[in-house]
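Student: Dropping the structure in here first, questions after.
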Amino acid sequence: MPVTAVIGAQWGDEGKGRIIDYLSGQADMVIRCQGGDNAGHTVVNEFGRFVFHLIPSGICRPATCIIGAGTVINPDRLFEEMADVESKGLSLERLWLDRRAHLVMPYHPMLDGLEEAARAGSAIGTTKRGIGPAYADKSARWGLRIGDLLHRDYLRERLSMVLPEKNHRLQALGAAPLSLDNLMSKAGEWAERLHERIVDTLPMVRDAVAGGKRVILEGQLGALRDLDWGTYPFVTSSCPTVTGLLQGAGVPARALTDALGITKAYTTAVGAGPFPTELDGDEGWQMREIGREYGATTGRPRRCGWFDAVAVQHSAWLNGYTMLAVTKLDILDTFPEIQLCTAYRLDGKVIHHVPDTTLYEQVEPIYETMPGWLTNTVHARRWEDLPAAAQNYLNRIQELVGVPLRFVSVGPEREQLIVV
């Protein structure tokens with residue numbers, strides 16, 4: 001049962017989309033398992049450039065694509081993506097939405113933005129897309145599911161219970177209340193456009209896994225943003241780890257064949273929270289500009305720093321990676337020296353693990369210096385094409401993380417991927 005989970009091994013934005021686009025060429029099914037439209041997966045191929053927020057990155061291939069039960073869906077955002085995909089000549093006939101996925105309602109982004117503003121100096125760095133409030137409602141059992149759109153009377157009953165509390169909160173934060181009739185009208189528009197795609201996907205997934213089909217589980221964000229094991233509270237509201245992907249897809253743990261961790265050749269993060277290897281000077285600016293490190297969803301500049309092996313080791317333990325992909329190696333082509341964080345110093349002691357957030361904000365990175373290669377790698381297509389210094393750097397990452405290297409990317413295009 002060849003089931004492969006693809007996980008971000010850092011704080012997100014590692015290039016999962018381009019790896020999934022490549023892998024899905026031989027896949028039968030790709031399932032987006034958790035998260036919402038608060039992060040984007042960038043894919044560049046013969047059809048053009050895509051930024052997928054909800055649609056699985058395998059949609060450019062002949063695979064069945066599922067937005068799974070563990071996700072939260074803003075239909076308006078989904079419609080924008082669907083229009084973009086169709087405008088580039090691709091079909092959406094293979095796209096399905098699990099009826100258990102939760103809805104991002106119009107009040108969720110409103111509350112997200114207002115509550116983030118109220119935090120002032122303690123802001124988390126949310127995208128204000130309403131993802132956190134939607135997951136909060138899910139956990140509190142106030143949530144509305146996308147399958148509820150197919151049952152209008154039931155939806156109205158649920159919404160009439162939820163809306164007074166939401167309006168009370170909106171008004172307390174200085175916003176106008178929302179109308180039940182207006183929300184029901186909006187829900188009717190969603191249902192009209194999506195009803196044929198909203199299904200119980202579990203039989204489809206079960207048949208695919210039991211039949212030995214090739215299934216890819218697509219995660220969103222990275223393991224250091226995990227709700228339990230990330231840098232809380234500077235995390236997402238779902239679990240972008242292997243266990244979270246399995247849960248959100250409806251796949252049993254025993255079916256998992258491989259866990260592929262995706263990491264950049266350096267480190268980036270969007271939003272607040274600890275980031276031990278962050279570079280505030282010219283080198284960080286150079287990484288950002290060469291790597292075009294601006295958020296695919298919000299356009300926010302990403303924080304940049306050297307590769308943090310301790311953080312990726314943490315991710316590798318949580319997810320049990322069987323293989324590793326290193327992306328954006330080419331961004332380091334012009335650096336004469338490259339630093340690798342191999343440990344942290346905390347209160348005068350050397351540690352090799354990621355501590356809890358309050359202590360993580362105090363650690364100092366311990367670096368190992370390696371020579372750069374000062375050679376353009378964007379045309380490399382085989383391991384042998386890479387300069388020796390680049391090979392040594394990648395081998396050192398592999399050694400420190402303790403996971404065998406499988407892929408190296410040297411550019412955004414589909415063919416700019418080296419299979420090791």
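Student: Extending each Cα 7 Å along its Cβ direction at Gln26 and Glu364, get the distance between those two points in nm, one decimal.
Tutor: That separation, rounded to one decimal, is 4.8 nm.
Student: Over 24 Å apart: what share of the alpha carbon pairs of segment 263-419 falls there, rounded to a whole percent? Mind dumping the intermediate values first?
Tutor: On the way: 4055 of 12246 pairs.
So the pairs more than 24 Å apart make up 33 percent of the total in segment 263-419.
Student: Which aspartates and glutamates does Lys264 reach when only Cα atoms under 12 Å apart count, and residues fewer than 8 places away in its own chain are ignored?
Tutor: Lys264 reaches Asp13, Glu14, Glu293, Asp308, Asp330.
Student: Which FRET efficiency value, to the nearest 0.05, is calculated for Ser87 and Ser185 with the Förster distance at 41 angstrom and r the Cβ-Cβ distance?
Tutor: Approximately 0.95, to the nearest 0.05.
Student: Once you keep just the Cα pairs under 8 angstrom separated by 6 or more residues, what percentage relative contact order results for the chain?
Tutor: 20 percent
Student: Over segment 263-419, calculate the relative contact order: mean separation of alpha carbon pairs under 8 Å at least 6 apart, over the residue count, as a percent.
Tutor: Across segment 263-419, relative contact order equals 25 percent.
Student: With labels modelled as points extended 7 Å from the Cα through the Cβ direction, what inter-label distance (nm, one decimal) is found for Arg381 paired with Met161?
Tutor: Spacing of the two 7 Å Cα→Cβ label points: 6.0 nm.
Student: Given Cα positions, please report Rg to Rh for the chain, the hydrodynamic radius being the Kirkwood one.
Tutor: 0.97
Student: Okay, next question. For segment 328-420, which trypsin sites (Lys or Arg not before Pro) pass both filters: DSSP loop (anything but H, G, I, E, B) and at most 15 other C-beta atoms within 10 Å? Mind showing how you got there, number by number?
Tutor: Values: sites: Lys328, Arg345, Lys349, Arg381, Arg382, Arg396, Arg406, Arg414; in loops: Lys328, Arg381, Arg382, Arg414.
For trypsin sites (Lys or Arg not before Pro) across segment 328-420 that sit outside H, G, I, E and B with at most 15 neighbouring Cβ atoms in 10 Å, the list reads Arg381, Arg382.
Student: Expressed as a fraction of 2.2 N^0.38 Å, the rule-of-thumb size for a compact globular protein of N residues, what is the C-alpha radius of gyration of segment 163-302?
Tutor: Normalised by 2.2 N^0.38 Å, the Cα Rg of segment 163-302 equals 1.45.
Student: As a test of the formula, what do you get for the chain when each DSSP H run with n ≥ 4 contributes -39,500 (n - 2.57) and the sum is divided by the residue count, at 222 nm and rounded to the nearest 500 deg cm²/dmol? Kindly include the intermediate steps, with their values, before the conclusion.
Tutor: Numbers: 12 runs with 136 residues, N = 420.
That calculation yields -10000 deg cm²/dmol at 222 nm.
Student: In degrees between 0 and 90, to the nearest 10, how far off the longest principal axis of the chain does helix 388-401 point, with axes built from Cα atoms?
Tutor: Between helix and principal axis, roughly 60 degrees.
Student: Is the C-alpha gyration tensor of segment 85-174 telling us rounded, prolate or oblate? Criteria: a/c under 1.5 is rounded; beyond that, a/b larger than b/c is prolate, otherwise oblate.
Tutor: oblate
Student: Then there is this: How do the peptides 146-153, 350-357, 171-178 rank, highest first, by the average count of neighbouring beta carbon atoms within 10 Å per residue?
Tutor: 146-153, 350-357, 171-178
Student: Considering only DSSP beta bridges whose two residues both sit in the chain, what percent are antiparallel, to the nearest 5?
Tutor: Percentage antiparallel, nearest 5: 40.
Student: How many percent of all Cα-Cα pairs in segment 25-118 sit more than 23 Å apart?
Tutor: In whole percent, the share of Cα-Cα pairs in segment 25-118 beyond 23 Å is 25.
Each value in this text was obtained by applying a stated rule to the coordinates, not by laboratory testing. For clarity, every value in this text was computed on a predicted model and none was experimentally measured. Neighbour counts are summed over all protein chains in view; Cβ atoms, including those assigned to glycine, are modelled from backbone coordinates with ideal geometry.
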